[in-house]
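Report on one structure; see the data block that follows.
Each reported figure results from applying straightforward, stated rules to the coordinates on display, with no laboratory input. Since we're looking at a predicted model, the values are computed, not measured. Glycine also receives a Cβ, built like all others from the backbone with ideal geometry; neighbour counts cover every protein chain displayed.
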Amino acid sequence: MSGQRGLVRELVVISGAATTCRRVAEQSLSLHSGVRLLWISDHRPATGEVYPPAKARQVLGRELDVLVFDGHAGLDPDALGASSGAVRGGGVIVLLTPLLDAWPDMADPAITRFLSFPHTPADADGRFLRRLGRLLRDAYWMRLRPAVGSAVQPLPLQPVEEVPRLALTADQQQMVISVMRVATGHRRRPLVVEADRGRGKSTALGVAAARLLDAGHQRILVTAPRRSAVDALFEQAEARLPGARERLH
């Protein structure tokens, strides 16, 4: 997975029994302090914010250092794709799964919404999970094998201070220019920006907001489905213009 500004989002897969996977993940996370961490799970971890799988899409718009996606609670591909887009370049996605060879033969709670009556998760053939397990075995960067007495390994997390957070990609720079033109040009002209998840749209909007405020605009209104969806925008604006947060609404 390519991250913003040439950085890489690392993928760590921890496979095994649910309780063991969660314990290993928590132990590995305990080696890192001050990280923006979120779990997608029906299990409440000792530390870190947690969303149930059904609310995974609410992560969009946030910026995380580590996302722990608990496949034991069910693997919804859409939820995994949506939530992983919130991980910054240099961050880590931790995927907890049953043993990969056994996973396809287990009932997956997330498949329930795809089944028609009277079928149950046990009736699914596990074709998707079988292919996913094969791809994970071949493609992931790092795998932690939970075993009793094994040493706890730190996550391959690039420290925040090493990430060039104030640098923009060429696409982000163009987006900032476009926002500035619309905001200072003819009124009632909309601007629609489309990009894949995790490409830094919120960052670019935060930069544009800071520049507009610095240019003399007194107040900027920001709308989103949830306050957390604009956290990254507010952080980027404040980083470039101290006091910007108070002038964004």
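By definition, a body whose alpha carbon gyration tensor gives a ≥ b ≥ c is oblate when a/c is 1.5 or more and a/b is not larger than b/c, and the range 75-123 fits this oblate description. Seen through its C-alpha gyration tensor, with square-root eigenvalues sorted a ≥ b ≥ c, the range 172-249 comes out rounded because a/c lies under 1.5. Computed over the alpha carbons of the range 174-215, Rg followed by Dmax gives 10.6, 30 Å. For the range 27-90, pairs of C-alpha atoms spaced more than 13 angstrom apart make up 58 percent of the total.
For PHE69, nonlocal amide neighbours, meaning residues 5 or more places apart or on other chains whose placed amide H falls under 5 Å from its own, are ILE40, VAL94, LEU95, LEU96. Magnitude of the charge dipole for the chain, about its Cα centre and with charges confined to Cβ atoms of Lys, Arg (+1) and Asp, Glu (-1), is about 860 debye.
Kirkwood Rh over Cα pairs of the range 1-107 into Stokes-Einstein at 25 °C, 0.890 mPa s: D in µm²/s?
Translational diffusion coefficient: 177 µm²/s.
Rounded to two decimals, the Cα radius of gyration of the chain over 2.2 N^0.38 Å is 1.14. Summarising the strand pairing of the chain, around 5 percent of its internal DSSP beta bridges are antiparallel.
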